[in-house]
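One structure is given here, and the rest of the page talks about it.
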Amino acid sequence: MSDVAQGTAVGDAAVVQGTGRLVSNERVGAYHHLTLEVPGLAEHARPGHFVALAVGGPTSANLLRRCFSIHRADPAADTVDVVISPVGAGTEWLAGLRAGDQVDVIGPLGREFPVPEEPVGCVLVGGGYGSAPLAWLARSLRARGCHVEVVLGAATASKLFGVQEAREVADGVTVTTDDGSEGTRGWVSDVLPEAIRRAGGGGNVYGCGPMGMLRSITDVAAAEGATAHVAVEESMACGVGVCMTCVMPVVGDDGRTRMVRSCVEGPVFRGDRVRWDAFSDGLCRVPDDAVGAPGTGGH
Ligand SMILES: Cc1cc2nc3c(=O)[nH]c(=O)nc-3n(C[C@H](O)[C@H](O)[C@H](O)COP(=O)(O)OP(=O)(O)OC[C@H]3O[C@@H](n4cnc5c(N)ncnc54)[C@H](O)[C@@H]3O)c2cc1C
Ligand code: FES
């Protein structure tokens, strides 16, 4: 399945499972910003990777780990940061942790955002907590000499994340909110064409956020002659490639669609390789023309 993937696979020896110690838990708008000390994890982490956290403590009935993008990693301090939106039992448990508490962590997982060899214009687009890895990515792109524009959007001002940090690292930042409570009223896709042009036209668009947003920025990038790289957030149970919960249809170099595991073959995919037509109402179906599909043309 390597022909559908991109970025650098996490090496066999580079994934750490360990006990993380919570260094801090800060409320930021609608989110909790957690810093975790995890021996040996940060040095292998790159923007786009994620961690899978056990929730509920050692006797928890919640067997499945919860996955979170790495916001940033500090190898000198052995820490990784994540941004948590409390939406259910697991994330609420994490949001309630205090400094000194312990969490079982596996990471870094997945494939990172591909960083170009040459300096090209880049636009980084984040929706809600999807903005979490973007300032870290912006720093690494700037270090390569890329012009970096950042577009951050959310439903409302309290759900924006990372605006100040983006202003510190990027060449330009545009903010949108659905309700107009901060920045331009509207969606990130409304302002994206102009941001791509400010970055020099063409180039790369990197996206992290809800699936609908990723689909629309892929369309805008194509219309503007840019290449979209998106970090998808398909539901995951194990995060390490064992359970097949996270499969989704992606087109390979040979033009054929395969169901691939977004936790190990992703979560970063080229936007134009994702079969967006298969997603609806929060579900993903197997396209009839996918390799191995039971429908017409699958075999
Ligand atoms: C790659 C990735 C990156 C993410 N990054 C972030 C981030 O940076 N910040 C953030 O806030 N959120 C992030 N999320 C979303 C986050 O993982 C979910 O919001 C979180 O799992 C919700 O857990 P919960 O217990 O609070 O919610 P609940 O709704 O109680 O539980 C949802 C979880 O239960 C599990 N589950 C339940 N039923 C099933 C089933 N039938 N099959 C398989 N699994 C099941 C899954 O692990 C699922 O994630 C990310 C998700 C992915 C995949
Ligand atoms: S989440 Fe288990 S295989 Fe991807």
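Here's a check for you: in the range 100-129, which residue that is within 15 Å of VAL82 (Cβ to Cβ) and in a loop (DSSP other than H, G, I, E, B) is farthest from ligand 2 (Cβ to nearest atom)?
That would be ASP101.
Yes or no, residue by residue, for (1) more than 30 Å from VAL242 (Cβ to Cβ); (2) touching a Phe, Trp or Tyr at 6+ places or on another chain (Cβ under 7 Å); (3) surrounded by 16 or more Cβ atoms within 10 Å (Cβ to Cβ):
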| residue | (1), (2), (3) |
| --- | --- |
| GLY96 | no, no, no |
| LEU109 | no, yes, yes |
| PRO116 | yes, no, no |
| CYS122 | yes, yes, yes |
| ALA143 | yes, no, no |
| GLU149 | yes, no, yes |
| ALA154 | yes, no, yes |
| ALA170 | yes, no, yes |
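Please go through the range 254-285 and pick out each residue that is part of a loop (DSSP other than H, G, I, E, B), modelled with pLDDT of 95 or more and open to solvent by 50 Å² or more (accessible area, probe 1.4 Å).
Step one: list which residues in the range 254-285 are part of a loop (DSSP other than H, G, I, E, B), which gives 254-256, 262-266, 275, 281-282, 285.
Subset that is modelled with pLDDT of 95 or more: 254-256, 262-266, 275.
Of everything in the range 254-285, those that are part of a loop (DSSP other than H, G, I, E, B), modelled with pLDDT of 95 or more and open to solvent by 50 Å² or more (accessible area, probe 1.4 Å) turn out to be ASP254, GLY255, ARG256.
Would you mention how many residues in the range 67-94 are within 13 Å of ligand 1 (Cβ to nearest atom), open to solvent by 20 Å² or more (accessible area, probe 1.4 Å), more than 15 Å from GLY209 (Cα to Cα) and in contact with a strand residue (DSSP E or B) (Cβ under 8 Å, 6 or more places away or on another chain)? It would help to see each step written out before you state the result.
Here is the first cut: in the range 67-94, the residues within 13 Å of ligand 1 (Cβ to nearest atom) are 67-72, 80-94.
With the extra rule that they be open to solvent by 20 Å² or more (accessible area, probe 1.4 Å), the set shrinks to 67-69, 72, 85-89, 92-93.
Checking which are more than 15 Å from GLY209 (Cα to Cα) leaves us with 72, 86-89, 92-93.
Then keep just the ones that are in contact with a strand residue (DSSP E or B) (Cβ under 8 Å, 6 or more places away or on another chain); that gives 72, 86.
Residues in the range 67-94 being within 13 Å of ligand 1 (Cβ to nearest atom), open to solvent by 20 Å² or more (accessible area, probe 1.4 Å), more than 15 Å from GLY209 (Cα to Cα) and in contact with a strand residue (DSSP E or B) (Cβ under 8 Å, 6 or more places away or on another chain): 2 in total.
So, in the range 172-182, exactly how many residues are more than 13 Å from GLY127 (Cβ to Cβ) and open to solvent by 30 Å² or more (accessible area, probe 1.4 Å)?
5
Could you tell me whether the range 226-239 includes any residue that is within 12 Å of ligand 1 (Cβ to nearest atom), over 17 Å from ILE70 (Cα atoms) and in contact with a helix residue (DSSP H, G or I) (Cβ under 8 Å, 6 or more places away or on another chain)?
no
Does the range 200-251 hold any residues that are open to solvent by less than 30 Å² (accessible area, probe 1.4 Å), within 16 Å of ligand 2 (Cβ to nearest atom) and either without any contact (Cβ under 8 Å) to a residue 40 or more places away in the chain or under 14 Å from VAL274 (Cβ atoms) (or both), and which are they?
The answer is ALA231, VAL232, GLY241, CYS246, MET248, PRO249, VAL250.
What do you reckon, is MET248 under 19 Å from ALA132 (Cα atoms), within 16 Å of ligand 1 (Cβ to nearest atom), in contact with a Cys (Cβ under 7 Å, 6 or more places away or on another chain) and not in a helix (DSSP H, G or I)? Break it down into steps so the answer makes sense when it comes.
Numbers: under 19 Å from ALA132 (Cα atoms): no; within 16 Å of ligand 1 (Cβ to nearest atom): yes; in contact with a Cys (Cβ under 7 Å, 6 or more places away or on another chain): yes; not in a helix (DSSP H, G or I): yes.
No; evaluated as a whole, the condition is false for this residue.
Out of curiosity, is GLU224 of a type in the set (Asp, Glu) and under 23 Å from VAL51 (Cβ atoms)? Spell out how you get there, then give the answer.
Numbers: of a type in the set (Asp, Glu): yes; under 23 Å from VAL51 (Cβ atoms): no.
Judged against the criteria, GLU224 is not a match.
Here is a list: ARG273, ARG197, ARG258. Which entry is more than 15 Å from ligand 1 (Cβ to nearest atom), basic (Lys, Arg) and in contact with a strand residue (DSSP E or B) (Cβ under 6 Å, 6 or more places away or on another chain)? Reasoning before the result, please.
Values: ARG197 fails: in contact with a strand residue (DSSP E or B) (Cβ under 6 Å, 6 or more places away or on another chain); ARG258 fails: in contact with a strand residue (DSSP E or B) (Cβ under 6 Å, 6 or more places away or on another chain).
None of the other options fit; the residue is ARG273.
The values are calculated or read from the model by the stated rules, or taken from the named source; none is laboratory data. What you see is a predicted model, and the numbers here were worked out from it, not measured in a lab. In this analysis, Cβ positions are derived from the backbone assuming ideal geometry, glycine residues included, and neighbour counts consider all displayed protein chains. The accessibility values were calculated without ligands, DNA or RNA, using every heavy atom of the protein model including side chains. Shrake-Rupley method; radii C 1.70, N 1.55, O 1.52, S 1.80 Å.
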